[in-house]
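Trainee: Sharing a structure below in C-alpha cells format, with a few things to ask.
Computed from the coordinates by the stated procedures, all read-outs in this text should not be read as laboratory data. Note that the coordinates shown come from a computational prediction; the quantities given were computed from them, not determined experimentally. In this analysis, Cβ positions are derived from the backbone assuming ideal geometry, glycine residues included, and neighbour counts consider all displayed protein chains.
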Amino acid sequence: MSPNSPSNTGSSPYSTLPPASPPATRKPVSLPRLLEMHARGEKITMLTAYDATFAAVADTAGVETILVGDSLGMVCQGLHSTVGVTLETMRYHVESVVRGVRRVQGTAWIIGDLPFGSYQASKEQALRSATVLLQAGAHMVKLEGGGWTAETARFLVERGIPVCGHLGLTPQTVHALGGYRVQGREDKDAATLKRHALELQDAGATLLVLEMVPATLSAEITRALSHCATIGIGAGVDTSGQVLVLHDMLGMNLGKMPKFVHNFMADAGSVLGAMQTYVQAVKQRRFPDNAVNAW
Ligand code: KIV
C-alpha cells in the first residue's frame, strides 16, 4: 500500500483528519465566484496554511482561499526572510495542503506562492515553476512586484494559469525596500502602486494581495479594479478580502506582533473556533478595524 493510500488498519492515534470523507455540502470555490464576491462587496477570506491539518481546519471553518505562502520560510523553517525558500519546498507544502483539503472534501481555492528566484529570470522560467505548483494541486500562483511582473502574469494567464499579484510590501525584495515598511505613503509611490495594480488586472491577474499600504490607497485601488479582487494585509478594511499569516492570527508570534494582526486564538477555545471567528469578523467588516490596524 502506498503511504498516500487510505489505511485499513483502524484509526491512527496521530491523525487529526477524519478517516473517511464526509459528503460534500459546499460548492468548490472558483475564480468566477471570487470575482462575483468582489463585485457584490462580499468579503473574501484568506489564511495561510502550510500543512494538511491546518488546511483542513481552515477549510472546515469556511475560509474560502488558502495561501501556501512563502512565509513558511519564517514560520516553518526558521529563516529570517522568505528569500531562502525554494520551489521544491513550496511544492512539498502545496501537496500537503491540497491533501488536507481533499481529506475533508474541502472547497477552498488554493494559491501557491512562487518563491524568490523561481520566476524572475524569464517568463518561461515562471511557466515552468507555476507548472510545478499547479501539478502539486494549487489552483493559482502568486508572484510579487509590479511593472515587469505584468508581462509574466499575462504569459501565465494566456496559458491557463490563474495569477494572484502582490503589491505594496513585497517581502521577497525586503533588502531593496530597506526593511518591512509601509509602502505608498507618498503621492508618487501611491500613483505607481495604483498603476501597477491596473497593469496586473489588464494582464489577467484576478486576485491581488496588497500588503502594508495606507487604507485610503487600498480602498482607491479596490474601487478602480473591476475584475481583480484585492486581498489586504495591513491595508485597511476596504479591500475585497483579507489575509493573515496563520501563526500570527493564532498568537504564535514570539517576536513583535505587527500592529495589523489580531490574535483570534485569545478568546477562542480551539483553532477551529479562532478561524471561524476570523471568518465572521472579516465578513462583517469588524476586522480589520481601520482605527487600530491601518496606517
Ligand atoms: O507568504 C505569505 O504568507 C504572504 C502573505 C503574507 C500575503 O505572501
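Trainee: Can you give the angle from 0 to 90° between the axis of helix 123-135 and the longest principal axis of the chain, with both taken from C-alpha atoms, to the nearest 10?
Mentor: 30 degrees
Trainee: Counting only helical runs of four or more DSSP H residues, what would the 222 nm mean residue ellipticity of the chain come to if each run contributes -39,500 (n - 2.57) and the total is spread over all its residues?
Mentor: -11500 deg cm²/dmol
Trainee: Find which of Gly184, Ala39, Thr149 sits farthest along the positive direction of the dipole of the chain, computed with +1 on the beta-carbon of Lys and Arg, -1 on that of Asp and Glu, about the Cα centre.
Mentor: Ala39
Trainee: Give, rounded to the nearest 20 debye, the magnitude of the charge dipole that the chain has about its Cα centre when Lys and Arg contribute +1 at Cβ and Asp and Glu contribute -1 at Cβ.
Mentor: Once rounded to the nearest 20, the dipole reads 400 debye.
Trainee: Just name one of Pro171, Met74, Thr25: the one whose Cα is farthest towards the positive end of the charge dipole of the chain (beta-carbon charges, Lys/Arg +1, Asp/Glu -1).
Mentor: Thr25
Trainee: What is region 15-80 by shape, rounded, prolate or oblate, if you read a ≥ b ≥ c off the alpha carbon gyration tensor as root eigenvalues and call it rounded for a/c under 1.5, prolate for a/b larger than b/c, and oblate otherwise?
Mentor: Judged from the Cα gyration tensor, region 15-80 comes out oblate (a/c at least 1.5, b/c at or above a/b).
Trainee: Additional query: If the cut-off is a Cα-Cα distance under 20 Å, which lysines reach Lys194, setting aside same-chain residues fewer than 8 apart in sequence?
Mentor: Leaving aside lysines fewer than 8 places away in the same chain, those within reach of Lys194 are Lys142.
Trainee: Between Arg33 and Glu186, 0.36 nm times their residue separation minus their Cα-Cα distance comes to what?
Mentor: Extending this stretch completely gives an extra 51.6 nm.
Trainee: Using the Karplus equation 6.51 cos²θ - 1.76 cosθ + 1.60 (θ = phi - 60°), what ³J(HN,Hα) coupling, rounded to whole Hz, does each residue of region 241-258 give in order, writing x for Gly and Pro?
Mentor: x, 10, 9, 9, 6, 3, 5, 5, 6, 9, x, 9, 8, 7, x, 7, 6, x
Trainee: Would you mind counting up the charge near Lys188? Only other residues with Cβ under 12 Å from its Cβ, with Lys and Arg at +1 and Asp and Glu at -1.
Mentor: Charge balance near Lys188 sits at 0.
Trainee: Net charge around Pro214, counting only other residues with Cβ within less than 14 Å of its Cβ (Lys, Arg = +1; Asp, Glu = -1)?
Mentor: -1
Trainee: For the chain, modelled as a GNM with alpha-carbon contacts under 10 angstrom, which of Ser30, Ser240, Ser96 fluctuates the most?
Mentor: For the chain, modelled as a Gaussian network with Cα springs under 10 Å, the answer is Ser30.
Trainee: Identify all lysines with a Cα-Cα distance to Lys283 below 22 Å; exclude those on the same chain that are fewer than 8 residues away in sequence.
Mentor: Reachable lysines: Lys27, Lys43, Lys259.
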